[in-house]
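Asker: This is the structure I have questions about; it appears just below.
The values are calculated or read from the model by the stated rules, or taken from the named source; none is laboratory data. Computed from a prediction, not measured in an experiment: that's the story for all the values here. Please note: Cβ atoms are built from the backbone with ideal geometry, for glycine as well, and neighbour counts cover all protein chains shown. Only protein heavy atoms, including side chains, enter the accessible area calculation; ligands, DNA and RNA are left aside. Shrake-Rupley method; radii C 1.70, N 1.55, O 1.52, S 1.80 Å.
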Amino acid sequence: ELKQADIFFYNGADMESWVEKVKAVIGKEAAVICLTDNIQLIEAGNCKHVDDKHHKHHHYDPHVWLDPILFGKMALQVKDALIKLDDENISIYEDNYYQLLDKLNQLDSNYNDALQELEKRTIITAHAAFEYLSARYGLRQVPIMGYSAEAEPTAAHLAELVKICREE
C-alpha cells in the first residue's frame, strides 16, 4: 500500500528507525515529509541514570508534538503538503488547520495560566517524553525511565528520585 502513497509524513528526530526502508519502498513519486525538519530539536540525554539499551538510537528527544506550539508547526507542514498535492480542497485543509491551531493556542494559554503560579517546577515522569513541554513552560523533567518502553531505572536513579521527591 505504501507504494501507492502520494504522500508520507513521519515524525523524524530518530523516532522511526525504519523510515529509510520505507522511503526506498515508496520511491520518488511520493512526497516524503519529515515533520521535525524545521524544528530546533532537543538532544536526548536526560536519562543517563537509566539502563536504556535502546537509548543509543536516540540522538534527539522525538516527542516534539507534546509542545502545542511546535505541534502547530508540524500541522502547518501537513497542511501545506496536502494543499500542494490537492489544491482543489484548499479550503478544507485551511479550515481544519486553523481549527486545530485555535485549539493548540488555547491549550498553550491554558498551560501558561495554570503553570504560571507554580512554586515547584519539577515533574517526575514515567519516561523521558516531556522535554519540549518542560522547555516551553519552564518545568524540569525528571524521568523514571528513558525514551524506550524497555528502559529500566537503575537502583541509584531510584534513590535519586526518592531524594528529589522528598526535597521538592
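Asker: If you check Leu161 against the conditions, is it at pLDDT 90 or above and surrounded by 13 or more Cβ atoms within 10 Å (Cβ to Cβ)?
Answerer: It is false that Leu161 is at pLDDT 90 or above and surrounded by 13 or more Cβ atoms within 10 Å (Cβ to Cβ).
Asker: Got a number for residues in the stretch 115-153 being modelled with pLDDT under 85 and either open to solvent by 50 Å² or more (accessible area, probe 1.4 Å) or of a type in the set (A, V, I, L, M) (or both)?
Answerer: Residues that pass the stated criteria total 9.
Asker: Is it true that some residue in the stretch 106-113 is closer than 24 Å to Leu41 by Cβ, without any contact (Cβ under 8 Å) to a residue 40 or more places away in the chain, touching a Phe, Trp or Tyr at 6+ places or on another chain (Cβ under 9 Å) and open to solvent by less than 40 Å² (accessible area, probe 1.4 Å)?
Answerer: no
Asker: Go through the stretch 99-135 and give me each residue that's in a helix (DSSP H, G or I) and of a type in the set (D, E, K, R).
Answerer: Asp102, Lys103, Asp108, Asp113, Glu131, listed by residue number.
Asker: Another question, if that's okay. Restricting attention to the stretch 56-77, and to residues there that are open to solvent by 40 Å² or more (accessible area, probe 1.4 Å) and assigned to a helix (DSSP H, G or I), which single residue is farthest from Asn105 (Cα to Cα)? Steps first, please.
Answerer: We begin by selecting, within the stretch 56-77, every residue open to solvent by 40 Å² or more (accessible area, probe 1.4 Å); these are 56-57, 59-60, 65-66, 69, 71, 73, 76.
Narrowing further to those that are assigned to a helix (DSSP H, G or I): 56-57, 65-66, 69, 71, 73, 76.
Details: Lys56: 34, His57: 32, Trp65: 13, Leu66: 13, Ile69: 7, Phe71: 10, Lys73: 12, Leu76: 14 Å.
For the stretch 56-77, the residue satisfying everything is Lys56.
Asker: What are the pairs, 6+ residues apart or on separate chains, where a residue within the stretch 67-93 that is of a type in the set (Asp, Glu) has its Cβ under 8 Å from a residue that is surrounded by fewer than 18 Cβ atoms within 10 Å (Cβ to Cβ)?
Answerer: These pairs meet every condition: Asp67/Ala135.
Asker: Which of the residues spanning the stretch 92-141 are among the hydroxyl-bearing types (Ser, Thr, Tyr) and either in contact with a helix residue (DSSP H, G or I) (Cβ under 7 Å, 6 or more places away or on another chain) or over 18 Å from Gly72 (Cα atoms) (or both)?
Answerer: Initially, the stretch 92-141 is screened for residues among the hydroxyl-bearing types (Ser, Thr, Tyr), giving 93, 97-98, 109, 111, 122, 125, 132, 134, 137.
Passing the criteria: Tyr93, Tyr97, Tyr111, Thr122, Thr125, Tyr132, Tyr137.
Asker: Here's a follow-up. Is there a residue in the stretch 88-100 that is in contact with a Gly (Cβ under 8 Å, 6 or more places away or on another chain) and either within 26 Å of Pro62 (Cβ to Cβ) or modelled with pLDDT of 90 or more (or both)?
Answerer: The answer is yes, given that some residue of the stretch 88-100 is in contact with a Gly (Cβ under 8 Å, 6 or more places away or on another chain) and either within 26 Å of Pro62 (Cβ to Cβ) or modelled with pLDDT of 90 or more (or both).
Asker: May I ask you to verify whether Lys53 is assigned to a loop (DSSP other than H, G, I, E, B), farther than 30 Å from Met145 by Cβ and either modelled with pLDDT under 95 or touching a helix residue (DSSP H, G or I) at 6+ places or on another chain (Cβ under 7 Å) (or both)?
Answerer: no
Asker: I'd like the full set of residues that are more than 21 Å from Trp65 (Cβ to Cβ), open to solvent by 60 Å² or more (accessible area, probe 1.4 Å) and either modelled with pLDDT of 80 or more or of a type outside the set (D, E, K, R) (or both), limited to the stretch 24-45.
Answerer: Ala24, Val25
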